[in-house]
1. Would you pick out the residues in segment 342-366 that are assigned to a strand (DSSP E or B) and among the polar types (S, T, N, Q)?
2. Considering only residues that are part of a helix (DSSP H, G or I) and either buried (at least 19 other Cβ atoms within 10 Å of the Cβ) or touching a His at 6+ places or on another chain (Cβ under 7 Å) (or both), which ones fall in segment 454-469?
3. Looking at segment 157-174 only, could you name the residues that are over 13 Å from Leu19 (Cα atoms) and either under 48 Å from the mean Cα position of the chain (by Cα) or part of a loop (DSSP other than H, G, I, E, B) (or both)?
4. With the structure loaded, tell me whether Asp623 is touching a Lys or Arg at 6+ places or on another chain (Cβ under 8 Å) and at pLDDT below 95 or whether it fails that test.
5. Return the total of residues in segment 472-498 being free of Cβ contacts under 8 Å to residues at least 60 places away in the same chain and either under 26 Å from Gln445 (Cβ atoms) or more than 42 Å from the chain's Cα centre (by Cα) (or both).
6. Taking the condition exposed (fewer than 15 other Cβ atoms within 10 Å of the Cβ), among the charged types (D, E, K, R) and farther than 28 Å from Pro653 by Cβ, does Asp483 pass?
7. Residues in segment 181-190: is at least one modelled with pLDDT under 90, in contact with a strand residue (DSSP E or B) (Cβ under 6 Å, 6 or more places away or on another chain) and either part of a helix (DSSP H, G or I) or over 23 Å from Met21 (Cα atoms) (or both)?
8. Given (1) surrounded by fewer than 17 Cβ atoms within 10 Å (Cβ to Cβ); (2) in contact with a strand residue (DSSP E or B) (Cβ under 6 Å, 6 or more places away or on another chain); (3) within 22 Å of Arg247 (Cβ to Cβ), identify the lone condition not met by Asp295.
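The values are calculated or read from the model by the stated rules, or taken from the named source; none is laboratory data. Because the structure is predicted, anything quoted here is derived from the model rather than measured. Neighbour counts run over all protein chains shown; Cβ positions are idealised from the backbone, glycine included.
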Amino acid sequence: MPNYYQNDAEYLMDELNRLDMMLMQLISRKGQGSADDPLKGLYITESEADALLGGKVAGGEDQQSRQSGQGQRAQRSRDEVVKDTEKVRAAESDIRKKVKRSLEAGSSLRLCRLERVFTLDQLEHDTVIICAAAELDTKYEKIYGYLQDDMTRRSPTLGLVLDLLCSTPEEKLEARKRFLPGAKMLREGIIEFAEGREESLQLSSALRLNPAVLASLIGSDASKRGLQSSRPFKQGELSSKMPDDARATLKNLIIHLAKIRGNALCHIQGPYGAGKRALTGQICDALGKKLISVDLMALESDEKGFEAAITGTLRSAMLEGLAVSIENLDILATEDPKYQTIKPWLARALEGHPGLVILSSQGPVDLGRELQGKILTLEVHVPDYPERRKMWSRALEGRMPQKDLDDLASKFRFTGGQIEDAVQAAMNLAALKGRNDPERGDIYQGCRDQSCRRLSSLSRRVEATSGWKDIVLPDEKLEQLKDIVRWVRHKGEVYHDWGFGKKLSLGKGLNILFSGTSGTGKTLAASVLSSELGLEMYKVDLSTVVSKYIGETEKNLSKIFQEAEQGNAILFFDEADAIFGKRSEVKDAHDRYANMEIGYLLQKMEEHEGIVILATNLGKNMDEAFTRRMHFIVDFPFPEEEYRRRIWKTLLPAEAPVAEDVDFNFLSRKLQVAGGNIKNILVGAAFLAAENGGTITMEHMIKAAGKEYRKVGMVCSQSDFGKYYSLVSS
């Protein structure tokens, strides 16, 4: 028979046999119970307890001699007690020797791992055995009930543990410190209260082994909930989401972790779809570690539930030798008070963890100065234009020509994951339309579906249904708008292929200023650009952005720019002079903070790599610092007669029933209004016609024009309305 343990079961059985010896010692000392007791059945007798423990007393007597000498046992000599204690110690020594030989032979014993990971001493080790026994064999429930004079209490109490493991009151007093709330056994969750949550541990408090610890000791799958098997990641799978520079950094990180045996705290930081999970799996695979994951977004919102989940995850990782992945760390960067109290607790828990922990988040998260200096940070950025072009090519597998791939890579600053999502969405759209392969429109719709919808909290999405045919402007102004489209389409080629991006540290985005009086087509032009470029456009509601509270405006602006960049959306600030106006002379604190807001906005515009359109009715009111940063400034003139005629005709739907008496020459010559007003007049005339006859007549047009004049504060004069003046004079 081998003189070492071949498996965990052999080791546990020897420990339980040693526990039996300690229990018999305590039973012999107590000597309680009577066979003639009328309450027999509510407890077990000493002889029954002895039988459960194998029929031998601690001193070696058989059952018959023990029954006839109960009185003598109460008066056992000091020598017998010493002899029994020496037997327990000899059994303990034999176990330790076999454990040592087992480890030398290459065996991996779970109880040894628990002892090593949590640096348990002998008393803590024995406490684990005492608590585990009741979960492994029901006979211990009866023995514990007997020793505690209460057969309903089948879990060991703290008092029973101390009776078993301590010989003197002094030893008990010293051992009591190991079971205080802040001590290791309770703090690490090795043992816990068996009867609900208690504020402090009393001698009468029932204990039990944490279910996860017990499951680990017996090798149950219950200890591995949340466990993700590490699997070899194909090189293509990882590279499809990762830029080249990130792959090089990953390689160096893995080499470093291997040198320090993987005991480190890492932080993978990058936007959605950057491959953070794939990176985590690649690291664990390279180090030969399995992984257990916890998503902070999915945890209970209350502090106790959060801490219990994290503690359990870290404990399971220590017991099983696993790496830990903590996802969505970003929630700790919010201003929610509950997370502000949780963050320092999490920092302390991570600092004391001896294994590999990989954190992941979209942005930076401050976990405190002491911990921050120990974190190995791997930042994964949005791939640059050449990398995106490769990713689109792989994802679409030849379904689109190179020119269109270049267009997609230039317009959409997507991560690898977003590109995959967009292609999958396009495939689904094609399938719903009965096609095997997606068309260009499906791809662009799939891209728009990836846009960040959270912007809607501070803005509203503008439906882009207009095209070049819908806008009437002088040729020079139209050419400026088409230049903007060309700029976006060839941005990647110019900045990356031709090297111009190396000359620009900032300002790679596109800032556009639309200036002109109300109704001259600024919003329509922005919608045309959105439609032509295939990008979502969000109109920012300035009333929700500008705040009277110091610092709130900057927070709102930061959120808008960040989410617009993540969602590849066009930002459209209408009436932007309300916030982008000229900086004023500082006369009081309000002026100082207003100027700070403008300065902050200038900074965000320079850093932003997307498209920002500012629209203003008063171009002269714009701060010069803004106009210098504009790539395009388009002035929208008030339309002259020729352009007003074209606007009247363009805005009138082909399906609308129009009478022959409608004189568009008169309307365009006499009514000197902008395109926005013309649209309102046409719609108003249509509703008047729908109510009266079903055909739009000149009378309907004139009456609608009169209402529009009065609405905007214009006077209905004889010179403007001529022979039709009587229709509006009343």
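1. Of everything in segment 342-366, those that are assigned to a strand (DSSP E or B) and among the polar types (S, T, N, Q) turn out to be Ser360, Ser361.
2. Leu455
3. Answer for segment 157-174, where residues must be over 13 Å from Leu19 (Cα atoms) and either under 48 Å from the mean Cα position of the chain (by Cα) or part of a loop (DSSP other than H, G, I, E, B) (or both): Thr157, Leu158, Gly159, Leu162, Cys166, Ser167, Thr168, Lys172, Leu173, Glu174.
4. In short, yes.
5. 7
6. Spelling it out, Asp483 is indeed exposed (fewer than 15 other Cβ atoms within 10 Å of the Cβ), among the charged types (D, E, K, R) and farther than 28 Å from Pro653 by Cβ.
7. yes
8. Failing condition for Asp295: (3).
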